[in-house]
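The values are calculated or read from the model by the stated rules, or taken from the named source; none is laboratory data. Remember, it's a predicted structure, so these values are computed and weren't measured experimentally. So basically every Cβ, Gly included, is an ideal-geometry build from the backbone, and we count neighbours across all protein chains shown. Each accessible area value is taken on the protein alone, full model and side chains, heavy atoms only, with ligands, DNA and RNA left out. Shrake-Rupley method; radii C 1.70, N 1.55, O 1.52, S 1.80 Å.
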Amino acid sequence: MGAQLRVYKRRIRSVTATKKITKAMEMIAASRIVKAQRQVAASTPYATELTRAVTAVATGSNTKHPLTTEAETATRAAVLLITSDRGLAGGYSSNAIKAAERLTERLRGEGKEVDTYIVGRKGLAYFSFRERKVADSWTGFTDSPSYADAKAVAAPLIEAVSKETAEGGVDELHIVFTEFVSMMTQNPVDDRMLPLSLDKAVEETGAKGEILPLFDFEPSAEDVLDALLPRYVESRIYNALLQSAASEHAARRRAMKSATDNAGELIKNLSRLANAARQAEITQEISEIVGGSAALADATAGSDK
């Protein structure tokens with residue numbers, strides 16, 4: 001019985017230590033969410049206004065450009081998947097990967113080849129384990145991305161869009177990331193960045209029903225679109241990285257809170273079992289003492305006779 005009590009006490013100490021770690025991780029994630037939310041709020045207006053500018057150029061000219069013109073027969077697409085570098089965030093990365101898999105199946109069903117680009121070690125590990133080809137990958141900044149990181153990710157994607165498909169280029173550019181809705185809700189979404197859907201762009205920028213102003217483009221509309229293309233892709237990727245970072249912190253905070261609560265409940269259950277084992281041990285010792293005393297009394301009475 002004493003050995004069982006020692007086992008319970010050892011498990012209680014182990015779970016208590018784990019609870020301290022998960023509680024600390026929960027508090028760290030909660031503190032980082034606020035900063036991530038502020039960055040998302042700060043980057044969204046720029047991305048919105050840039051999309052509005054691209055929409056104005058596209059609707060005000062008849063220029064054919066990869067940014068706004070769909071290929072007659074699209075045969076190749078690029079998919080950028082954003083996951084996390086670290087685990088302990090519940091189903092954050094796995095949900096994004098599932099969304100990317102569904103998008104890839106849909107694109108292949110349309111007869112398109114898919115080049116996959118990945119941000120985050122979790123997504124890269126998923127594809128590496130299955131020995132699936134990855135066009136390019138980036139790691140080390142998913143929990144706190146900067147605009148320089150977004151530019152590094154955007155560079156090969158812009159190059160692929162600018163090339164002809166025969167030279168390894170792509171006709172479409174899609175992105176899969178986790179949208180931050182609230183502290184409790186984060187939704188994996190897939191979005192087509194290029195070619196830009198003008199109707200969707202007008203809806204996103206809140207310009208539906210508005211009459212867009214007329215512009216004169218210098219030196220030309222095509223040159224303006226060439227200048228806006230990298231800025232547009234970079235801003236969209238940066239906003240997606242920030243949304244994913246906020247979602248990662250929220251998912252990790254929720255997962256660590258759940259782990260902390262479960263550890264507390266386990267400690268309670270183990271404490272009850274330890275108390276029961278201790279009481280049983282005490283009861284057994286009392287029974288042995290009483291039994292020994294009774295036997296000694298019987299032996300003494302027999303010797304007196």
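At pLDDT below 90 and outside any helix (DSSP H, G or I), is that true of LEU214?
Answer is yes for this residue.
Can you tell me which of ALA77, ALA125 is among the aliphatic types (A, V, I, L, M), open to solvent by 30 Å² or more (accessible area, probe 1.4 Å) and modelled with pLDDT of 90 or more?
On the way: ALA77 fails: open to solvent by 30 Å² or more (accessible area, probe 1.4 Å).
Matching residue, one of ALA77, ALA125: ALA125.
Out of (1) within 30 Å of ILE28 (Cα to Cα); (2) surrounded by 16 or more Cβ atoms within 10 Å (Cβ to Cβ), the odd one out for TYR46 is which?
All conditions are met except number (2).
One residue is enough: does segment 225-247 have a residue meeting the conditions modelled with pLDDT under 85, open to solvent by 50 Å² or more (accessible area, probe 1.4 Å) and charged (D, E, K, R)?
The answer is yes, given that some residue of segment 225-247 is modelled with pLDDT under 85, open to solvent by 50 Å² or more (accessible area, probe 1.4 Å) and charged (D, E, K, R).
Filter segment 128-147 down to the residues that are free of Cβ contacts under 8 Å to residues at least 12 places away in the same chain and under 20 Å from the mean Cα position of the chain (by Cα), then identify the one that is least open to solvent (accessible area, probe 1.4 Å).
So the residue we want is SER146.
How about segment 22-37: which of its residues are at pLDDT below 90 and surrounded by fewer than 16 Cβ atoms within 10 Å (Cβ to Cβ)?
Of everything in segment 22-37, those that are at pLDDT below 90 and surrounded by fewer than 16 Cβ atoms within 10 Å (Cβ to Cβ) turn out to be SER31, VAL34, LYS35.
Working only within segment 136-166, note down all residues that are out of contact with any Leu (no Cβ under 9 Å at 6 or more places or on another chain) and over 22 Å from GLU248 (Cα atoms).
Within segment 136-166, ALA155, PRO156, GLU159, LYS163, GLU164, THR165, ALA166 meet the criteria.
State the number of residues belonging to segment 259-278 that are farther than 13 Å from ILE21 by Cα, in contact (Cβ under 8 Å) with a residue 24 or more places away in the chain and open to solvent by less than 80 Å² (accessible area, probe 1.4 Å).
Looking only at that region, the number is 6.
Is it the case that some residue within segment 114-122 is within 15 Å of ASP143 (Cα to Cα), assigned to a helix (DSSP H, G or I) and assigned by TED's automatic domain parsing to the domain that holds ALA246?
yes
Each row is one residue, and each column tells you yes or no for (1) touching a residue at least 12 places away in the same chain (Cβ under 8 Å); (2) in contact with a helix residue (DSSP H, G or I) (Cβ under 6 Å, 6 or more places away or on another chain); (3) open to solvent by 80 Å² or more (accessible area, probe 1.4 Å).
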{"residue": "LYS20", "(1), (2), (3)": "no, no, yes"}
{"residue": "GLN39", "(1), (2), (3)": "yes, yes, no"}
{"residue": "ALA53", "(1), (2), (3)": "yes, no, no"}
{"residue": "LEU81", "(1), (2), (3)": "yes, yes, no"}
{"residue": "ASP85", "(1), (2), (3)": "yes, yes, no"}
{"residue": "GLY91", "(1), (2), (3)": "yes, no, no"}
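With the requirement that a residue be part of a loop (DSSP other than H, G, I, E, B) and of a type in the set (A, V, I, L, M), what does segment 123-167 give you?
Scanning segment 123-167 gives VAL134, ALA135.
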